[in-house]
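Just so it is clear, none of the values below were taken in a lab; they were calculated from the coordinates. Since we're looking at a predicted model, the values are computed, not measured. Because the Cβ atoms are built from the backbone with ideal geometry, glycine has one as well, and the counts that use them run over all protein chains shown.
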Amino acid sequence: MSKICEITGLTQSQQDKWPLSHSLMIGESKLKMENISASSTEELSKDILEFVSKQEVSKSVTERKEGIIKHLKRRFDIKFRGSKLTTFGSSKSGLGLRNGDVDLCLEFSGEKPKKVLNKIARMLRDDGMEDVTLIAHAKVPIVKFVDQRSKIPIDISINNSLAIYNTNLLKTYSDCDSRVRPFILAIKQWALHRGICNAAYGTFSSYAWTLIALHSLQTSNPPVVPNIQDGSKRTLKVIDGTEYDITMSDKPTELLMDKNSQNIGELLINFFESFALNWPWDEKVLSIRSGKNITRNSKKWKQQKPFIIDAVIDEHNVRLGKHSLPVEDPFDTMHDLSRVLRPDGAMEIREEFLRAFKILSEGGDWRKLTETKFPELVNDTANTDLFEDLRKMESQDVKEILEDLQSELSVLESEIEVRNSERKNAIDMSKALRKNAELQKAENKIANTLKPRREKIEQVKKQRDSVNNNYIPVHWIENEMSKVFQRLTEDVDLMRAPSLQKEKELFSWFFELQSMHEHSKKTRELHGEFKKLLREQKTALFELDNVKESGKDISVLGDYANFDDLAHRLLLEMNPMHTEKRKLKREIGRLEAWLRISGRKGGAKKNHHNKKRSKKNNYSKKRDNINVAEVKSRAAAGGSLSLSDLDTLLSSGGLSSITKEQTKEDGNRKKKSRKKNFSPHRGNRGRSKKGM
Ligand code: CTP
Ligand code: MG
C-alpha cells in the first residue's frame, strides 16, 4: 500500500513524481531566488544563442522541404482544381526548432474537408509516404505523414485560414526584436525536452508555448514587445460564418515607449521566476491580445471541476475541468489552448516550472535545464543530412549499389510494362465484347422492324390498288378538267353554238373527271406511303447488313465482365510496383546526386582496392546491414517502427535477434523504454506528436 499524503491526497509515487509541487502544496517549499550574478545570465545567454545557431535548417533539408511542397502542389493542382497550398506554423514564422514539422493548409472549397483529407491520405499512401495518419476528430482535422528520405514530419489541414493569420501575427512579433526568436526557441526546447509540449499527450501544444513565451515578453518590465493587436482601426474577417478581429499594427516597433535591454538569459530567468513564484493561472488568463494577464472573471473562464489536484487523485478520472491553465488564442478568442490538458499533463507543467526555477536559482546551466526527460517524445530522427549513410562509404561501393538499383529498376519496369500491355489487351477485349453485345442488340432492334413494315407495305399496296386499278396520273386529269371547264365556260359564238347533246356530254365528262381526280389523289397518297415504306425497308436491310458485318464473332471468347475483372486485378498488382518504382527512382536520384557532389568535392572515399567481388551479394549486404542495424537499434530503444522496418526485422531474425549487445550498447536508449512508463500520458493514446 502506498502512503497517501493527508494534506494533498497524493499517493507516494505521485509525491515522488511531482516533489516540488507537493512541497509547495504542503507549504514546505524552499524555492527562492538566490543572487544570480550577471556573469551567469551572460553564460546562459551564450548557451542559448549557441543552441539557436544549431537550429538553422541545412540547405539540403530546406531544399528537400521545398521539393516536397512543390511536389504536393503539383499533385493537388491536378486532384483539387483551383486549390491553393499555403505553408504556415513555425516553418513559415521561423519560430521552429530544427526538427519541427511542416504545416500546410490546403484551401479548397470543391468538396467537404474530411473527404478531401481522405483523398489526400490515399494519395500519400500510393506515393509511398510513411506513417500516413488521418486525424479526423481533432478541432482542426489533419493528415500527418513523414517524408521517408528526410524523415521530415508534415501536417496537412484544410481551409485552416485562421492559422495562416496567427502565423503572420507570430512572425510579426518575431520581427519586432532580435531576442524574440531565441527566447521562444529556448522555451520550446525546454518544453519539448521536458515532455510538456505535446497536445496529443495532454500537455500544451507547441503553438501554446509560443503564445506563453510571447506573453512573457509583453509583460516584462519594460516590455520587450508591444501588443501589436492594439489600435483604433479594427480589421474584421468572416471565416466559416464567424467574424474574427484580425487587427495587426503595421508599425509595431513604434508602439514601445521604453527600451528593454535585458539579455536572453535574464529574460528566461524572469520567465521561470514569475511562473514558479507567482503562478498566474489561479486568477488569471494569459492573453497576448490584451498584452497582459486578464482576470478569469472578465473572460468568464472560471476554472471548472474537477480541478487538477482532484483529478490526479481520482485515478479513474482522466478528464480535467475546463480552463485549468487558460491561454487565450489571439484571434479565436473563445478558444482556450488549455482545453487539451489532462490532469497529469497539467501537474507536469507545474512541476517543470518549479524544477526550471530551482535549477536556475542554484546556478544550473542550459544543458541541465533542458535535459531530455522522455526521449520518445522528442523527434530527433529528422535526417538533416540526406547523405549521412553514404559519407562513410567508398565511392565504388555507392556506384555498385547504384548499378544494382538501376538493374532492379529496369526489371521492375519491364514487369510493369508486361502487365500494362496485358491490361490494355484485356480492356480492348472487354470493349470489343461490349460492342458486340451492343451490336447484337441493334441487330435485333432492326430485324424486329422488318416484319411489321413488310405487312404494312402489303396493306398500303392493296389499298392503293383497290382505290383505282387503272391508275391515271393526277396531272393528266387536272389538265383535262381545265380544258373541259374552259370549253363549258367560254363565250359562245352564236353561229357555232354546241348542240345540247354535246353540252351534256361535256358536263358528264367533267363530272367523271372530277370523280377520277379524287380517286387518283387518294391513289397518289397511298402510292407515296408505299414508296416511303419500301425505302425504309431497304435502309433497314442495309443497316442490318452493316451491323452483321462489323460484329465479328468474338463472343466465343467469353464475357466482357471477365476481362474487366482481369484489367482490375492487373491494376491492383501494378499499384505496389509503381510505389516500389518511385522509391527506387528516388534512391537512384539520391545516389546519383551524391556521386555528383562527391565527385566535385572529392568527398566520398575512393576505393583503391579495385577488388572483384560477388557483386549482388556485396552491395545488397552492405546496404541491408546498415539498414538492419539501424532498425534493430531503434526497436531495442522502443522507438517507432514502420511496416518496412518490421519487414527488415523479420527477415533478419525477428525481435529475438535484437542481441543483448545491442541493447547494452546503447544504455541510454534502454533507459528510454523503461522510463516510458513514467511519462505523463495515460492509456493507449495515439503517438502523434502534434494534436490540436
Ligand atoms: N495552431 C492553431 N491552434 C492550435 C494549434 C496550432 O491555430 N491550437 C496553428 C498555429 O498557426 C501554429 C500552427 O497551427 O503556428 C502549427 O502548430 P504547431 O505545429 O503546433 O506549432 P508550430 O509553431 O508549427 O511548432 P513546431 O515548430 O513544433 O511545429
Ligand atoms: Mg508546426
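A few points about this structure:
- Integer Hz, Karplus 6.51/-1.76/1.60 couplings in order for the range 329-335, x for Gly and Pro: 5, x, 10, 8, 5, 8, 8
- Aspartates and glutamates whose Cα lies under 18 Å from that of residue 17, excluding same-chain neighbours fewer than 8 positions away: 6, 28, 310, 314, 315, 344, 348, 351, 352, 371
- Neighbour counts of other Cβ atoms within 10 Å put 500, 97 in the fewest-to-most order 500, 97.
- The packing ranking of peptides 259-272, 287-300, 486-499, 526-539, highest mean first, is 259-272, 287-300, 526-539, 486-499, where packing means the average number of other beta carbon atoms within 10 angstrom of each residue.
- In terms of its C-alpha gyration tensor, the range 395-561 has a prolate overall shape, because the principal axis ratio a/c (a ≥ b ≥ c, square roots of the eigenvalues) is not below 1.5 and a/b outweighs b/c.
- Amide H contacts of residue 10: 5, each under 5 Å away and 5 or more positions distant or on a separate chain (H built 1.01 Å from N in the peptide plane; Pro and chain starts excluded).
- Taking a ≥ b ≥ c as the square roots of the eigenvalues of the alpha-carbon gyration tensor, the range 141-203 is classed oblate because a/c is 1.5 or more while a/b is no larger than b/c.
- Under the convention that each Lys and Arg Cβ holds +1 and each Asp and Glu Cβ holds -1, the size of the dipole of the range 31-377 around its Cα centre is about 1260 debye.
- Of interest is the spacing of the C-alpha centroids, which for the range 1-79 and the range 196-229 amounts to 13 Å.
- Think of the range 278-393 as having a plus end and a minus end, set by charges on the Cβ of Lys, Arg, Asp and Glu; of 372, 324, 303, 303 sits farthest toward the positive end of this dipole.
- With a Förster radius of 22 Å applied to the C-beta separation of residue 319 and residue 140, the computed FRET efficiency comes to 0.55.
- Summing Lys and Arg as +1 and Asp and Glu as -1 over all other residues whose Cβ lies under 11 Å from the Cβ of residue 171 gives a net charge of +1.
- Candidate aspartates and glutamates - alpha carbon under 14 Å from residue 32, same-chain residues fewer than 8 apart omitted: 273, 362
- Relative contact order (%) - criterion: Cα under 8 Å, at least six apart; region: the range 72-112: 41
- For the cross-link pairs 65/399; 119/322; 151/284; 73/585; 3/299, the ones whose C-alpha atoms lie over 30 Å apart are 119/322; 151/284; 3/299.
- Taking the number of Cβ atoms within 10 Å of each Cβ as an exposure proxy, the fewest-first ranking of 393, 574, 334 is 334, 574, 393.
- Shape call, the range 31-377: gyration tensor on alpha carbons, a/c limit 1.5: rounded
- Where labels lie 7 Å past Cα in the beta-carbon direction, separation of residue 122 and residue 428 in nm: 3.0
- The aspartates and glutamates within cross-link reach of residue 300, meaning a Cα-to-Cα straight distance under 13 Å and a gap of 8 or more places when in the same chain, are 283, 328, 336.
- Kirkwood Rh, angstrom, the range 413-492 [1 / mean 1/r, Cα pairs]: 19.6
- The range 1-110: GluC sites (Glu not before Pro) in DSSP loop, at most 12 other beta carbons within 10 Å: 6, 28, 34, 56
- Residue pairs, from the table 114/144; 171/292; 445/522; 30/368, whose Cα atoms sit over 25 Å apart: 445/522
- Proxy reagent accessibility, fewest Cβ within 10 Å first, across 245, 147: 245, 147
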